[in-house]
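Presented below is the structure to which this report refers.
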Amino acid sequence: MESNKDFKAKSKRYSGGWRAFFQDWMILILFVTMIILFSLTSSTFRTTNNILNILRQASFIAIISMGEFFVILTANMDMSLSSIIGMVSIFFAGFVVTMGLPIWVAIVLVMLMSVVVGIVNGVLVVYGKMPSFIGTLVTMNVIKGLYFIYSGGLPISGLPESFNFLGAGYVGLMPFPVILMAVIAGILNILTQHTALGRSFYAVGGNIEAAKLSGINVKFVGIFAFVLCAILTAIGALGLTSKTLSGNVMLGENLLFDVMTIVVLGGTSLSGGRGRIIGVVIGALFLQVISNMMVLVGVNTYWQWVVKGVILVAVVLIDANTKRD
Amino acid sequence: MENIQPVKIAKAGKAVLMKGRPLIEVKNCTMEFPGVKALDNVNFTLLAGECHGLVGENGAGKSTLAKCIIGENRMTSGELYVDGEPINLHSYSIRESQALGIAIVHQEFQLMNEISGLENIFVGHYENKGPFIDWKAMRQRADKILEFMQCDVNLNVPVKHLRTAERQIVQLAKAILNESKVLILDELTAVLQEKDIENIFRIINILKKRGMGIIYISHRLGEILDCCDTYTVLCDGKHIQSGEVKDIDKPKLIKMIIGRELKQVYLPINQEFGEVLLEVKGLTGANAFRNIDLQVRRGEVIGIAGLLGAYKTELIHAIFGNHKISNGQVFINGKEVKIKSPEHAIKLGLGLVPDERRSLGLDMLFDIKDNTTLPSIDRFKRWRIFQDHKAEAKAAYDHSERMDLSYYSLWQNVKKLSGGNQQKIVIAKWMLRNSDIFLMDEPTRGIDVGAKFEIYKLINDLTRQGKAIVLVSPELEELIGLCNRVYIMFEGEMMDIVEGKRKTQEVIIDSLLGINNNGK
C-alpha cells in the first residue's frame, strides 16, 4: 500500500506548483479575463447573438489552424495553406457548377486533391530534406499558378442553396459550423492526447533523432502531419466557400497570418513538440473576440491588421522569453 | 612523437609565471539558489603551476564553484582573490574574469558549428591587417598552437564535420590562445578516448611548466590520480578535503566522494550463457567499418573497444538499422534479418542506449513518463486505440523506482535531472520495452562515480535476467570489469577478440593502436 500511495504522489500533474499550472493555462486565463472585461464594458458584446456570431466566425479558421498546428507541432511549417483554400474553393465550384457533378462527388474530389498536395509537401520536406518553409512555399506558388490557369482568376458562383447549410446552417439554436468545429476539435484532442500516433507528433517535434531511435516512424509522422493539415484546410475552405456560395481563388489570401497568430496564441511552440488542440481553439476564439470588439468599437480594417500584428509580436515575445521547464 | 619541440605560443616578452603562487583563492564561498544551497562555506586554492583536480558527484557543486570563479554565478557570500588581488564580487563578470586570464573549456561544445575551426579559435579576437582580417597570420598562429599540442585537426572545414575529440581540441586551442593564467577544464575528457586523453595530459603538463594553474574537473578518478598534483573533494556543496594526490588512492577518494565505502566496483561477471541472440557476419558499413564478425549470447556482455575513428558507434547504429549496411548478414535468434529501421530493430528485441543521451537518447521537452514509455507506447492500449495513461504511468513509475531514480514527479521534465539519472531513464526505456539485446554506447559517459556503479550493477542484473549486452566504452577498465569478451576495433576492422587471461589492458592497448600480436 505504501508504494501505491507513493505512486499517487509521484504521478500528480502539478506537483511542480502553481507556476507550471499557470504557464500551461495562461492563454485560457487571459481569454476569460478578456471576456469578462468586454462583457462588463459593452452591452452589445454580451448579447447571445453576438456570442454565437463570434463562435460561428471563428469555426472554420479554427479548423484550418488545427491543421497548421500539426505541422508546427512536428517542427515544420506549411505555407501552402492559403493556396489550398483557393484551390479547394475554385475547383469545388468548378466541379459542381461548370461540370455539374453531385456535391458529394465534388467534395471527395477536392479532398483527394488536398491529400495529394499534403503528400507532395510531406515528401518534399521529409524525403527531400527541404526546409519546410521553402518546400511549401514552392507548392503554394505552383498551386496558385494552376488554379489561375484553370479559372482565369474569376470567381465561379451559382452553388446550390442547400450547400449553404455547411457554413450558415443551424442545428436548433447552435450554428452548424460551431458543432462541426467542436466535433473535429474533440476527435483531434483524443488523437493527440490519447493515441500512440498523437504522442508521436510530440516526440518527432521535440527531438526527431531521439524519436527515430525510440522506434517511431518519423517519416510517416512527418508526412501525415502535412496530409492532416491539407485535409483540415480543405474542410475549412469548403465551409468558407459555402458562406458565399461561390468559388473564389482569393479566399485564402491573408488567412495564413491569422492562422499563425492563432496557433502561436494557443501556446504552440514554433520549434515544435509543444502545444495542444484546445489551445488552438482558444486561440481562434481569442482572435475572433478581439476582431469582434474592434468592429463593435468601429476600428477600421487596416487598424485591425496593426492590432493583430501587435498581438502576434507580444505572444511570440512572451513565448520566447519565458522558460518552461 | 615525443621529440617534437613544443612551439612557443606566447607572444614574446611575457614573463613566465612564478610557480607556487596562489592564482585563485576562494574563501568561505556560499552559493544559494532558490531553495538549494549549492555551495556551503567552501574554501579552494589554486597555485600556479599545478593541476588541481576538483571531484565530487553530480550536484556536489563542482561546476557551480567553477562558475563562481569565472563570474557566471555570483556567490551569495564569500571572498575571491585572483592572483592575490581581492575581487569586487558585485561587479565581477565573465568579461572581467577573461581579462584576468581565466579561461574555461566546457564539456558541452561552445563552438559555432557552421564556421571553420580556424575562425572558431579566433572569433572575438581576430587579427587585423588594416581594416581587414588577417587570415594568413591567424592560420600561422593556429598551426603553431596545433603543433604545440601535437594535434592534427583540419581547421578549414566547418566544425560540425569534425569528430568529438577534434572539436574538443579546437576548444582547447581557443582557450589557450589568450595567454590565460588559469584554465578550467570542466569534464573535458568525458567525451574523449584514451589516446586523446593522454594527449590532453601531455598538453596540461606543458601548460603547467609555463606556470599556468589548471582546475581539472572530471568524473574519471583514474585521470585525477594520473594527471593532477592536488585535489579538492566536494560533497553536497560542502568542502570535504583538499590535499596532495600522492597521499591518496582511488578507494579513499571514492569514499570521500560518495561518503561511504564501495567494497566492490565490479560484480562477478555472469558466466551462464544461453543461446546466441545476436550474430553479425562480414558486416560492412558504408564509409565506415569493414567485415565485422561478432556474436553475443544470452546472459553475456561483449565489449567493443576502439579509438576514435574505429567506427564503433557506426557499427552499433548499423545493427540498430540506423546506418547503411552495404554488405554482410545479421542474425537474431539464429534467423537472418534485414533490419530496415530502428523501428524494425526494436520489434526484433533490440534496444539502443546512444552515446549522446541529451540529443539522441531523450526528448528534452518530455517528462520522465513520456520518455520512459516512448519506445513502448504501442503496448499501452485500451480498446486497441486509446492510450492507457494510467498503466503507462504505473509502468514508468515501477521502472523509475527499480532504477532508484531520484525524482519528485513523473511529470518532471528530464532536462534538469543529473546525467546519471538521465542515463537511467534511457536504459529504463528498453527495460520497460523488455528488449533482449541492449546496445549500449558509452553508457557511463559524463556521469558521476556513484551513478556509474549503479549502471554497472544494472548491466550485471540484466545479464542475470538473460539479456545480451553489447557495450561500447572508451574506458578499458570498465570493459575488462564488465565484459565476458572484448572485441577490439581499429580503423573499422576487427583486430582481436580477447577473453580470459588475455583480457588485460596491455593486450587491448596494442590492438587498439593497430599492433596485432594475435597473428589473426
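Listed here are the residues, each with its yes/no results for (1) surrounded by fewer than 23 Cβ atoms within 10 Å (Cβ to Cβ); (2) at pLDDT 90 or above; (3) within 20 Å of B:ILE346 (Cβ to Cβ).
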| residue | (1), (2), (3) |
| --- | --- |
| A:PHE201 | no, yes, yes |
| A:GLU209 | yes, yes, yes |
| A:LEU213 | no, yes, yes |
| A:ILE216 | no, yes, yes |
| A:THR241 | no, yes, no |
- [ ] Take the stretch B:47-61 and flag every residue that is modelled with pLDDT of 85 or more and closer than 19 Å to B:THR30 by Cβ.
- [x] B:LEU54
Task: Matching entry among A:LEU232, A:LEU159, A:LEU228 (being in contact with a Ser or Thr (Cβ under 9 Å, 6 or more places away or on another chain) and at pLDDT 95 or above) - done: A:LEU232
Open item on the list: Restricting to the stretch B:274-312, count the residues that are closer than 28 Å to B:LEU458 by Cβ, outside any strand (DSSP E or B) and without any contact (Cβ under 8 Å) to a residue 60 or more places away in the chain.
Closed with: 1
- [ ] Check whether at least one residue in the stretch A:185-206 is at the interface with chain B (Cβ under 9 Å from one of its Cβ atoms), touching a His at 6+ places or on another chain (Cβ under 9 Å) and either of a type in the set (Val, Ile, Thr) or free of Cβ contacts under 8 Å to residues at least 12 places away in the same chain (or both), and report yes or no.
- [x] yes
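Residues checked against (1) assigned to a helix (DSSP H, G or I); (2) more than 9 Å from every other protein chain (Cβ to nearest Cβ):
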position	(1), (2)
B:ASN371	yes, no
B:ALA391	yes, yes
B:MET431	yes, yes
B:THR444	no, yes
Task: Given (1) of a type in the set (A, V, I, L, M, F, W, C); (2) in contact (Cβ under 8 Å) with a residue 24 or more places away in the chain; (3) surrounded by fewer than 19 Cβ atoms within 10 Å (Cβ to Cβ), index of the condition A:ILE29 fails - done: (2)
TODO: Could you list, in sequence order, all residues of the stretch A:272-313 that are surrounded by fewer than 16 Cβ atoms within 10 Å (Cβ to Cβ), under 24 Å from A:ILE63 (Cβ atoms) and of a type outside the set (A, V, I, L, M, F, W, C)?
DONE: A:THR301, A:GLN304, A:GLY309
- [ ] Looking only at the stretch B:373-389, count how many residues are assigned to a helix (DSSP H, G or I) and more than 7 Å from every other protein chain (Cβ to nearest Cβ).
- [x] 4
Task: the stretch B:422-440: number of residues that are within 15 Å of the chain's Cα centre (by Cα) and either over 20 Å from B:LYS347 (Cα atoms) or surrounded by fewer than 20 Cβ atoms within 10 Å (Cβ to Cβ) (or both) - done: 2
TODO: Could you run through the stretch B:393-414 and say how many residues are within 7 Å of chain A (Cβ to nearest Cβ) and under 20 Å from B:SER435 (Cα atoms)?
DONE: 3
Open item on the list: As an exercise: evaluate B:ASP367 against (1) of a type outside the set (A, V, I, L, M); (2) facing chain A (nearest Cβ under 9 Å); (3) surrounded by fewer than 24 Cβ atoms within 10 Å (Cβ to Cβ) and give the number of the one condition it does not meet.
Closed with: (2)
TODO: For residues that are more than 7 Å from chain A (Cβ to nearest Cβ) and without any contact (Cβ under 8 Å) to a residue 12 or more places away in the chain, scanning just the stretch B:340-364, find the one that is nearest to B:SER409 (Cα to Cα).
DONE: B:GLU356
- [ ] Mind listing just one residue for me: the one in the stretch B:477-507 that is surrounded by 22 or more Cβ atoms within 10 Å (Cβ to Cβ) and part of a helix (DSSP H, G or I) and, of those, farthest from the chain's Cα centre (by Cα)?
- [x] B:LEU482
TODO: Mind listing whichever residues of the stretch B:134-165 are within 17 Å of B:VAL123 (Cβ to Cβ) and of a type in the set (Asp, Glu)?
DONE: B:ASP134
Task: Matching residues, the stretch B:400-418, being part of a helix (DSSP H, G or I) and surrounded by fewer than 22 Cβ atoms within 10 Å (Cβ to Cβ) - done: B:GLU401, B:ARG402, B:LYS415, B:LYS416
- [ ] Just give me the residues in the stretch B:433-469 being within 22 Å of B:ASN371 (Cβ to Cβ) and among the small types (Gly, Ala, Ser), in sequence order.
- [x] B:SER435, B:GLY446, B:GLY450, B:ALA451
Open item on the list: Condition (residue is at the interface with another protein chain (Cβ under 8 Å from one of its Cβ atoms), modelled with pLDDT of 70 or more and touching a helix residue (DSSP H, G or I) at 6+ places or on another chain (Cβ under 8 Å)) applied to the stretch A:20-36: is it met by at least one residue?
Closed with: no
Task: Among (1) surrounded by fewer than 17 Cβ atoms within 10 Å (Cβ to Cβ); (2) within 16 Å of A:LYS12 (Cα to Cα), the one test that B:SER359 misses - done: (2)
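Listed here are the residues, each with its yes/no results for (1) within 14 Å of chain B (Cβ to nearest Cβ); (2) touching a helix residue (DSSP H, G or I) at 6+ places or on another chain (Cβ under 8 Å); (3) not basic (Lys, Arg).
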{"position": "A:SER214", "(1), (2), (3)": "yes, yes, yes"}
{"position": "A:ILE235", "(1), (2), (3)": "no, yes, yes"}
{"position": "A:LEU256", "(1), (2), (3)": "no, yes, yes"}
{"position": "A:ARG276", "(1), (2), (3)": "yes, yes, no"}
Task: Yes/no for A:LEU166 being farther than 21 Å from A:PHE224 by Cα and under 23 Å from the mean Cα position of the chain (by Cα) - done: yes
- [ ] Working only within the stretch B:313-365, note down all residues that are closer than 11 Å to B:LEU278 by Cα and outside any strand (DSSP E or B).
- [x] B:ILE319, B:ASN333, B:GLY334, B:LEU348, B:GLY349
TODO: Return a yes/no flag: does the stretch A:253-266 have any residue that is outside any helix (DSSP H, G or I), touching a strand residue (DSSP E or B) at 6+ places or on another chain (Cβ under 6 Å) and buried (at least 24 other Cβ atoms within 10 Å of the Cβ).
DONE: no
- [ ] Please verify whether the stretch A:248-256 includes one or more residues that are more than 24 Å from A:ALA106 (Cβ to Cβ) and not acidic (Asp, Glu).
- [x] yes
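The values are calculated or read from the model by the stated rules, or taken from the named source; none is laboratory data. Predicted model, so just to flag it, every value in this text is computed and none were measured. Note that we place each Cβ from the backbone using ideal geometry, even for glycine, and neighbour counts take in every protein chain shown.
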